[in-house]
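Colleague: Dumping the structure here so I can ask a few things about it.
Derivation of every value follows stated rules applied to the coordinates shown; laboratory data play no part. Bear in mind that the values here come from a model prediction, so they are computed numbers and not experimental data. With ideal geometry, Cβ positions are generated from the backbone for all residues, glycine too; neighbour counts draw on all protein chains shown.
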Amino acid sequence: MIPRVTFAQPYFFWLFILIPILILAYIFYHRKKRTDVRLSSFENFKGYVPSFRQRIQLLPFVLRLLVVSAVIIALARPQSSSSGQNVTTEGIDIVMALDISSSMLAEDLKPNRIEAAKKVAEQFIDGRPNDRIGLVIFSGESFTQCPLTTDHAVLKNLFQGIQSGMLADGTAIGEGLATAVNRIRNSKAASKVIILLTDGVNNLGSIAPVTAGDIAKAFGIRVYTIGAGTQGMAPYPVKTPFGIQYQNMEVQIDEDVMKQIADETGGKYFRATTTSKLKDIYADIDRLEKTKIDVTEFRHKSEEFYPLIMLAALLLALEFILRFTILKTLP
């Protein structure tokens, strides 16, 4: 940070008009004082070298001009000012709970539900550099893939490694939400958020989704729920002896439960019927959960005329020393 110099009383710079007046007065005085001597020839002055005393004859006057200049600048009160910002970030802790059951391979979202969810989630992470974000995956059981972290590069790498089949198949929404709550419940962040994405109905696990939602509410955690899947039927890949074939399967999402969890915790329910719609949903959540950043500007001014006063005093002392030593004249 480079300090900026300003002058508190710049009108004193008008005193610089004294400098040319002093120069003219000096010239006029010495011309009037000078005595003319007429010589018939300059032959006797060939090879004459001025003495050191003669060479510095003007130095006291130059020093006096420098003294006056330094005093004028000091009177203008130069001040160095520096400014900066104190940035205080009020972070938000977010746990993303992602359904990775086999039904997430349906291709109503492109290229399929799970890949679309991963890609959009990574874009969401990129837009939240100041927040701690964690990842929980669930299907027939739940697992913490990544605890809350600000190392988003590691988090994104873990996202990329997610595949359906990593856990026992099924849809344990309550277990997934409860695991996410457990990961964030002790957070000291100003805002605690869970984003839960699923494409089905809870059919496994010992914790009901609504019960997990009540636990989230008790800990002051806001839950945004997303139902992923088109309306009606969706193409689902099935392995057969003849290769991958597609079957249309009915999309079943327990929207009433998802809405209830979101409403009771202060969140919101969304339905993602396409990949572009899913992007819009994450953009909406991003706007709703903006990180609070307080920026406090500060300015500091320091008086800088003291060195100029010291310089003027030193120059003035040097002038007097010269006048009464080397350049001393007879009375």
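Colleague: Going by C-beta contacts inside 10 Å, put Val95, Val71, Val238 in order with the fewest on the left.
Modeller: Val238, Val71, Val95
Colleague: Which pairs break 24 Å Cα to Cα here: Lys118/Lys290; Lys119/Lys277; Lys239/Lys279; Lys156/Lys277?
Modeller: Going by Cα-Cα distance, Lys239/Lys279 fall outside the 24 Å limit.
Colleague: Same structure again: What list of ³J(HN,Hα) couplings, whole Hz, do you get for segment 316-325 from phi and the Karplus terms 6.51, -1.76, 1.60, once you set θ to phi - 60° and write x for glycine and proline?
Modeller: So the Karplus estimates, Gly and Pro as x, are 5, 5, 5, 4, 5, 4, 5, 5, 9, 10 Hz.
Colleague: Also, I was wondering about something else. Let me understand the chain better: what is its radius of gyration from the alpha carbons, and its Dmax, in angstrom?
Modeller: 41.1, 130
Colleague: If packing is taken as the average number of other Cβ atoms within 10 Å across a peptide's residues, how do 101-109, 115-123 rank, most packed first?
Modeller: Sorting 101-109, 115-123 by mean packing, highest first, produces 101-109, 115-123.
Colleague: Quote the relative contact order of segment 155-205 in percent (integer), defining contacts as alpha-carbon pairs under 8 Å separated by 6+ residues.
Modeller: 53 percent
Colleague: Take peptides 227-234, 163-170 and line them up by average Cβ neighbours within 10 Å, highest first, as a rough protection proxy.
Modeller: Packing proxy ranking, top to bottom: 227-234, 163-170.
Colleague: In which sequence would Thr225, Thr274 go, from the one with the fewest C-beta neighbours within 10 Å to the one with the most?
Modeller: Ranking Thr225, Thr274 by Cβ neighbours within 10 Å, fewest first, gives Thr274, Thr225.
Colleague: Among Phe159, Ile207, Asn130, whose Cα sits farthest toward the positive end of the charge dipole of segment 92-290 (+1 at Cβ of Lys/Arg, -1 at Cβ of Asp/Glu, about the Cα centre)?
Modeller: Asn130
Colleague: Going by C-beta contacts inside 10 Å, put Tyr246, Tyr282, Tyr269 in order with the fewest on the left.
Modeller: Starting with the residue having the fewest Cβ neighbours, the order is Tyr246, Tyr269, Tyr282.
Colleague: Still on this model: For the chain, what does the helix formula give at 222 nm: sum of -39500 (n - 2.57) over DSSP H segments with n ≥ 4, over the residue count, nearest 500 deg cm²/dmol?
Modeller: After summing the helix terms and dividing by the residues of the chain, the value is -12000 deg cm²/dmol.
Colleague: Placing +1 on the Cβ of each Lys and Arg and -1 on the Cβ of each Asp and Glu in the chain, which of Ala228, Thr325, Gly243 has its Cα farthest towards the positive end of the resulting dipole?
Modeller: Final value for the positive-end residue is Thr325.
Colleague: Can I ask one more? Treating the beta-carbon of each Lys and Arg as +1 and of each Asp and Glu as -1, no other charges, what is the dipole magnitude of the chain about its Cα centre, to the nearest 20 debye?
Modeller: 3560 debye
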